[in-house]
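Enquirer: Sharing a structure below in structure tokens format, with a few things to ask.
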Amino acid sequence: MLRRHLFFCLLLLLLLVLQTTLVPRMGNFWGQIDLILVLTVAYALLAGPSRGAVFGMTAGFLRAIASGPTLGLYAVVLYVIGYSVGQFSQLMYRKSMLVPWVVGLVSTACYWLLMTVMVGGLYGFWIGTGYWLGLPVSVLLNSVLVALMYALLYKHQQQEVARGRG
């Protein structure tokens, strides 16, 4: 159990470092990737609503500490995304690769919408239309990455179960 949690903690820290250092320098197209959102959605698909929510909140706090404008902004949004995706995961067929892709599409769009509402509510201004031009690219890139991350995490989970540790 500790080994499984250590794996996810190290993966979260690795992706957090990549998100704050490498992704912003990848240009306009590849810079739309959100690795923390991708990991939160993939983890919530595997773990369910309560673990997905806690993981999302933890990932959001760590992201806000590393790069965020407000400490709880990412935590609240990723908490909601983690819980919602985890709730949906109880209804889906887990072996389909199409489901994580579609969930990645919807989750990324919801993430952008929630961030817009949160920023507008906290700071009293609404984000302009230029911000929304990156949405289609972000939705497509993140959905593909969610499907790949889910496949990797699912394979890791199956190996842990086969070894008797899951």
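Enquirer: From the phi of every residue in the stretch 6-11, what ³J(HN,Hα) in whole Hz does the Karplus formula 6.51 cos²θ - 1.76 cosθ + 1.60 yield, where θ is phi - 60° and glycine or proline is x?
Expert: Each residue's phi maps through the Karplus curve to give 5, 4, 5, 5, 5, 5 Hz.
Enquirer: In Å, what Rg and Dmax follow from the Cα atoms of the stretch 34-87?
Expert: 9.8, 30
Enquirer: To the nearest 0.05, what FRET efficiency results for Gln158 and Val17 with a Förster distance of 30 Å applied to their C-beta separation? Don't jump to the answer; show the numbers that get you there.
Expert: Values: r = 27 Å, r/R0 = 0.91.
Once rounded, the FRET efficiency stands at 0.65.
Enquirer: Under a GNM of the chain (C-alpha, springs under 10 Å), which listed residue has the highest mean-square fluctuation: Ser50, Ser84, Ser96?
Expert: Maximum fluctuation in the GNM of the chain, among the listed residues, is at Ser96.
Enquirer: Could you give the dipole magnitude of the chain about its Cα centre, charging the beta-carbon of Lys and Arg +1 and that of Asp and Glu -1, in debye to the nearest 20?
Expert: Details: 10 positive and 2 negative charges, 116 e Å.
In debye, rounded to 20, the chain gives about 560.
Enquirer: Efficiency by 1/(1 + (r/R0)^6): what FRET value for Ser67 and Arg94, r their Cβ-Cβ distance, R0 = 35 Å, to the nearest 0.05?
Expert: On the way: r = 33 Å, r/R0 = 0.93.
Here the calculated transfer efficiency is 0.60.
Enquirer: How many percent of all Cα-Cα pairs in the chain sit more than 19 Å apart?
Expert: Working: 7440 of 13695 pairs.
In whole percent, the long-distance tail amounts to 54.
Enquirer: If you don't mind, there's one more thing I want to ask. When N is the residue count of the stretch 1-73, what does its C-alpha Rg come to as a fraction of 2.2 N^0.38 Å? Don't skip to the end; give the middle numbers.
Expert: On the way: Rg = 12.6 Å, N = 73, 2.2 N^0.38 = 11.2 Å.
Output field value: 1.12.
Enquirer: Another one. Rank these for me by crowding, Leu35, Leu133, going from fewest to most other beta carbons within 10 Å.
Expert: Numbers: Leu35 23, Leu133 10.
Fewest-to-most Cβ neighbours within 10 Å comes out as Leu133, Leu35.
Enquirer: Cβ under 13 Å from Thr40's Cβ, Thr40 left aside: what net charge do those residues give with Lys, Arg +1 and Asp, Glu -1? Can you show the working numbers first?
Expert: Details: positive: Arg51, Arg63; negative: Asp34.
For residues surrounding Thr40, the net value is +1.
Enquirer: Report the FRET efficiency, 1/(1 + (r/R0)^6), for Leu2 and Trp132, where r is their Cβ-Cβ distance and R0 is 35 Å, rounded to 0.05. Don't skip to the end; give the middle numbers.
Expert: Details: r = 43 Å, r/R0 = 1.23.
The computed FRET efficiency comes out at 0.25.
Enquirer: So, by mean Cβ neighbours within 10 angstrom, what's the order for 17-25, 111-119, 75-83 with the highest one leading? Working shown, then result.
Expert: On the way: 17-25: 13.6, 111-119: 16.6, 75-83: 23.4.
Order by mean packing, descending: 75-83, 111-119, 17-25.
Enquirer: Let me ask something else. Among Tyr154, Tyr123, what is the fewest-to-most ranking by other Cβ atoms within 10 Å?
Expert: Numbers: Tyr154 17, Tyr123 12.
Neighbour counts put them in this order, fewest first: Tyr123, Tyr154.
Taken together, the values in this text are just the output of simple stated rules run on the coordinates, not laboratory data. Remember, predicted model here, so these are calculated numbers, not experimental data. Reconstructed Cβ throughout: ideal geometry from the backbone, glycine too, with neighbour counts over all protein chains shown.
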